[in-house]
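The values are calculated or read from the model by the stated rules, or taken from the named source; none is laboratory data. Everything quoted here is computed from the prediction, not taken from an experiment. Please note: Cβ atoms are built from the backbone with ideal geometry, for glycine as well, and neighbour counts cover all protein chains shown.
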Amino acid sequence: MKTVEIWSEYITMGQLLKLTDTIASGAEAKEYLAENMPLVNNEPDNRRGRKIRPGDVVTFPGNRTFTIVAK
């Protein structure tokens, strides 16, 4: 499990995808999420605008898990 530090109250799922190098650009987020179902706190959620906050745990397909923490 890796840690992702954020400096704001939250980031969106699309921003997290870019921060974790899952996608190369924001334009790829919609397509990626249409084909893959990430888990946010063990609940399926593929909304690009989903707010991800410190304390959340996000798992992408391939068992790539990230814990979000405040900077």
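Things worth noting here:
- Residues being under 11 Å from Phe66 (Cβ atoms) and part of a loop (DSSP other than H, G, I, E, B) - total across the stretch 1-20: 2
- Cβ separations smaller than 8 Å between residues 6+ apart or across chains give the following pairs from the stretch 43-59 residues that are part of a loop (DSSP other than H, G, I, E, B) to residues that are among the acidic types (Asp, Glu): Arg53/Glu9.
- Scanning the stretch 33-52 for residues that are modelled with pLDDT under 95 and on the phi > 0 side of the Ramachandran plot turns up nothing.
- Residue check, Leu33 without any contact (Cβ under 8 Å) to a residue 60 or more places away in the chain, surrounded by 11 or more Cβ atoms within 10 Å (Cβ to Cβ) and under 17 Å from Ile68 (Cβ atoms): no
- Within the stretch 1-28, residues that are buried (at least 16 other Cβ atoms within 10 Å of the Cβ) sit with their Cβ atoms under 7 Å from residues that are part of a strand (DSSP E or B) and of a type in the set (Phe, Trp, Tyr), at 6+ positions apart or across chains, in these pairs: Val4/Phe66; Thr22/Phe60.
- Count of the stretch 21-30 residues, restricted to those that are outside any helix (DSSP H, G or I) and farther than 18 Å from Thr65 by Cβ, is 2.
- Taking the stretch 50-71 as the range and being touching a helix residue (DSSP H, G or I) at 6+ places or on another chain (Cβ under 7 Å) and loosely packed, with under 12 Cβ neighbours inside 10 Å as the test, no residue passes.
- The residue that is surrounded by the fewest Cβ atoms within 10 Å (Cβ to Cβ), counting only those in the stretch 36-49 that are aliphatic (A, V, I, L, M) and under 19 Å from Tyr10 (Cα atoms), is Leu39.
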